[in-house]
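Notes for the one structure printed next.
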Amino acid sequence: MHLPRPPRRRSATWAAAAFTATALLAGVMPAVAADAPSAAETAKIDSALRSAVADGGDATFFVVLKDRADLSGARRSKSHAQKAKAAYQELRAEAEDSQSSLVSFLDRKKVGHQDYWIANTVQVTGDEDLVHELAERPDVARIVKERHYRLDDVEKADGAEATRTRTNSAASGDDAPEWGVSDIKADQVWKDYDTRGEGVVIANVDSGVQYDHPDLVRQYRGNNADGTFTHDYNFYDVTGTCPSDGTPCDNNGHGTHTMGTMVGDHGIGVAPNATWIAVKGCESSLCSNEYLLKAGQWILAPTDHNGLNPRPELAPNIVNNSWGGDNSTFYQDILEAWNSAGIFEAFAAGNDGDGRTCSTAHAPGAQAASYGVGAYDVNGAIADFSGFGPSPVDGSAKPDISAPGVDVESTWPGSSYLTESGTSMATPHVAGAVALLWSAAPSLIGDIEGTRKLLGEGARDVDDTHCGGTAGMNNVWGEGKLDIRASVDKAPHTAATVTGKITDEETGAALPGIEVTVSNGTVGARTVSTGSDGTYRIALAPGTYTFDVSGYGYRDRTLTGVELSGGQALTRDAALTPVAAHPVTGTVLDVTGEPLAGATVEVTGTPVDSVTSGADGTFTLPSVAEGTYTLTVKPAAPVLCDGVSTTSLAVDGVETRTIRLPARSDAHGNSCAPADYTWIKGTESVSLSGDEDARTISLPFWVSLYGVDYSSASVTTNGLINFLAPRLGDYANTALPSKAEPNGVVAPFWDDLALDGKSRVQTATTGKSGHRKFAIVWNKAVLLSDHSRVTFEAVFDEATGDITFQYQSVGDGAGATVGIESQAGDDALQYSYDQAVLRDGSAIRIAQGAK
């Protein structure tokens, strides 16, 4: 059958790389794989990938494109926020442009893919023929097999020392600094410069963080200081391990430990008044390329917990990376992106050493572009596990510096503490030290080279040249032992120090947890919060600033035109006026406009207790202070087609709201809603029978799924339509999305079904050209779990692109998966999974987005 080309459609993967259906004709056509690949082609393919596909199997790999974004404009931008925004925009634009032809080629071949903008690479799974076809493309620089890195294995202390319970905790009130904190002289910076990292945001890419650990919760940027937390833009789990509502977790402990060394209270952390955010980029102890790329993107442009609505202006100042292992990596692209945005990164040099052998450092900490960190013990001896240079990757001198990394006690999940060893423990000492340096000398914020230079100048030299180098810079110690007091001493001390106290105007009481945001056009915005006594402190480069003071229950106050000169000490107190409080009432409606019971209604980021809508959908928040907020309404599980509503709430009196929940959608903008039931009877039989059977059928018009147009699809006995490949064999339905095959599917009723003499699968086409509907109908299929029979269909609409699921007789669908999934298995709109929510005589319409 000859099909006309489909209308132009626009779609995107997680990275929003643009491609169109018409571009399939204009893109590079698939090359015919030669019997003997050319030398140039072979050179593009790394040896690990060649081996992986040589036996005819599939492998997951990354296609790295030649084009690179020009980040010089980002480097020239003034403030941190401007740098991050400029870098993000340039990287996204370059990826969208340069990946479009490759993406169109992959879509034409029905190959699932995931696209990234921070390293301009596309992730693909395929065989040897596909690898060679891609290698022949002139826009491809190289093709590398998927690799897995590791959180640096920790070197446990002997005996009880490895699990010693910390006494310097919130419970004991003992603030004596840990030995590493004292050794790098961070406590001297606290005392002599009266700075502990105020106004600096630090992050880690690790196994996650226990956000409410008693020695970490105060410093978490998501802490609203009123008993509530906002995790969007402050924590992101790229692995899908943590709760789906975005609540942070740490299933390994490593990330909580490294964060404690950076910012922990009670002498644990180097910069205890810095603010932290985190991205979980490691499944547990392993960290895959895919997750690290997503984590790298989030650091530059944090998102909400669904990975949407990026805000580069919220990027951290510093990021710690206590992982590594593979010496063939393209992580340098991420380093370049971070550095262009003024984000300082520290990397562990690795624990592969033996105390003697050279070139044992590992990537990315062993790459020239990174700042690699070695480890030493309390006696000042280099750790026998610490990775030495020269770099086995590029021959550069590594590590760059060394820090305490043996028997380091820090925070651990379960609100406890653990002593561990490794370059993983040394690296956060450096990240925390940079926070101290930037807090004390804010003119250095974003100056990566200037900061590295000062760290090296302050370091205490150790003369060990058996792996090459000099006493001042060698491949065992780098530039020596970290000494942040010496580095701060050498820093440009042009800063002015502003302190103050925020009080209640009526009672004079000190107000803790009030945010003081200081900004001007050059340095951007920095935020500190008042302590338990209502005081704050921040060091600022000379200039004219605006101070915005805000807190729940009080009227915001702005101090403009605050002029600061070098070395000035200035006090700026503020008394805030309390505001009146009023009830907020209303009604919650579902996506169809009917009252919805059991929905949670909350004033986000405030101490106002959330409430639940009643049987008639009504709710009452009895007391909300005057101000402007976000009102969030979440349906009770199962969510089905009801999405989450977030609307602005301005309270200046009694407020009444009617909240109709939007249709739930996925990252590509596909959404669902209940539809009118208009059954289409099947007319043409599909040759399917028995259990685990599949057949490929031609489609009467182009059918789109996640922006890719198809002229055929595979239909299975198990209530599944697969657009990527025929699928045979026994496989159980899963929740969506899932990276496991099958991907690129439409699932009207995916379950363990079989066809007997009373069952059949049929198709039917109705309507005129341009307005046709095509139905795939499962009639009286046997549900093997209880031998009942189910009849349902999927209907594709030519005019709208909508997909409608209709259920004539399916019981409650308690064991089925219902929804659609992207070709890469990284996005899905799941209506239900193993939930008793389907009803006979019902219909669900999925409207496809244009992203």
Check: Which entry is the computed log10 I(q)/I(0) by the Debye sum over Cα atoms at q = 0.05 Å⁻¹ for this structure: [x] -0.57; [y] -0.31; [z] -0.42?
Finding: [y]
Check: What number, rounded to the nearest 500 deg cm²/dmol, is the helix-based mean residue ellipticity at 222 nm of the chain, given -39500 (n - 2.57) per DSSP H run of at least four residues and division by all its residues?
Finding: -5000 deg cm²/dmol
Check: To the nearest Å, what is the center-to-center distance of segment 798-844 and segment 573-620, using C-alpha atoms only?
Finding: 31 Å
Checklist line | Environment charge at ALA781 (Cβ cut-off 13 Å; Lys +1, Arg +1, Asp -1, Glu -1) | finding: -4
Check: Where a ≥ b ≥ c are the square roots of the eigenvalues of the C-alpha gyration tensor, would you call segment 159-490 rounded, which needs a/c under 1.5, or, failing that, prolate if a/b is larger than b/c, or oblate?
Finding: rounded
Next item on the list: Take the Cα atoms of segment 671-847, find their three principal axes, and give me the spread along each one in whole Å, biggest first.
Entry: 41, 35, 29
Check: Rounded to the nearest 20 Debye, what is the dipole magnitude of the chain about its Cα centre when Lys and Arg each give +1 and Asp and Glu each give -1 at the C-beta?
Finding: 2240 debye
Next item on the list: Straight distance only, please: which lysines reach the Cα of LYS78 with their own Cα at less than 20 Å, same-chain residues fewer than 8 apart left out?
Entry: none
Check: What is the diffusion coefficient of segment 238-378 in µm²/s, taking the Kirkwood radius over Cα pairs and the Stokes-Einstein relation at 37 °C with a viscosity of 0.692 mPa s?
Finding: 203 µm²/s
Check: Among all the lysines, which ones have a C-alpha under 25 Å from LYS768's C-alpha, if same-chain residues fewer than 8 places away are not counted?
Finding: LYS681
Note to self: If you wrap a convex hull around the alpha carbons of segment 238-291, what volume per residue comes out, as a whole number of Å³?
What the structure shows: 90 Å³
Check: Alpha carbon centre of segment 230-249 versus segment 191-218: separation in Å?
Finding: 18 Å
Check: Between segment 749-797 and segment 344-362, what's the alpha-carbon centroid distance in Å?
Finding: 59 Å
Check: Just from the alpha-carbon atoms, what are the Rg and Dmax of segment 750-791 in angstroms?
Finding: 13.4, 42
Next item on the list: Quick one: which residues, 5+ away or cross-chain, put their amide H under 5 Å from the amide H of THR791? H built at 1.01 Å from N.
Entry: LYS780, GLN808, SER809, VAL810
Checklist line | Listed residue pairs exceeding 27 Å between alpha carbons, taken from LYS109/LYS145; LYS85/LYS145; LYS85/LYS501; LYS44/LYS110; LYS109/LYS739; LYS109/LYS758 | finding: LYS85/LYS145; LYS85/LYS501; LYS109/LYS758
Item checked: Residues with amide H under 5 Å from that of ILE45, placed H, sequence gap 5 or more -> ILE143
Note to self: Is there a quick way to get the dipole size of segment 298-411? I mean about its Cα centre, with the Cβ of Lys and Arg at +1 and of Asp and Glu at -1; what is the value in debye to the nearest 20?
What the structure shows: 140 debye
Item checked: Taking only Cα atoms of segment 581-660, radius of gyration then Dmax in Å -> 11.8, 35
Next item on the list: For segment 747-821, report the translational diffusion coefficient in µm²/s to the nearest whole number, using Stokes-Einstein at 4 °C, 1.567 mPa s, and a Kirkwood Rh over Cα pairs.
Entry: 99 µm²/s
Margin query: Counting C-alpha atoms alone, how compact is segment 324-373: give Rg to one decimal and Dmax as a whole number, in angstrom.
Written below: 11.5, 38
Next item on the list: Name the residue farthest towards the positive end of the dipole of segment 671-847 from the options ALA725, ALA735, GLY682, assuming +1 on Cβ of Lys and Arg, -1 on Cβ of Asp and Glu, about the Cα centre.
Entry: GLY682
Check: For segment 159-490: lysine pairs with Cα atoms under 25 Å, gap of 8 or more or different chains, count?
Finding: 14
Checklist line | Dipole of the chain, positive end: most advanced residue of SER47, VAL189, VAL217 [Cβ charges, Cα centre] | finding: SER47
Item checked: Placed amide H near TYR376: partners under 5 Å, 5+ positions off or other chain -> ALA383, ALA403, GLY405, VAL406
Next item on the list: Can you tell me the dipole magnitude for segment 581-660 around its Cα centre, using point charges on the Cβ only (Lys, Arg +1; Asp, Glu -1), in Debye to the nearest 20?
Entry: 100 debye
Notebook entry, point to check: Sorted by packing (mean other beta-carbon atoms within 10 Å per residue), highest first, where do 652-663, 448-459 land?
Noted result: 448-459, 652-663
Notebook entry, point to check: So what's the projected area for segment 503-593, the Cα convex hull averaged over all directions, in nm²?
Noted result: 9.1 nm²
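Where a number appears in this text, it was derived from the coordinates with a stated rule and is not lab data. Because the structure is a prediction, the values reported are computed rather than measured. Ideal geometry is used to build each Cβ from the backbone, glycine not excepted, and the neighbour counts take in all protein chains shown.
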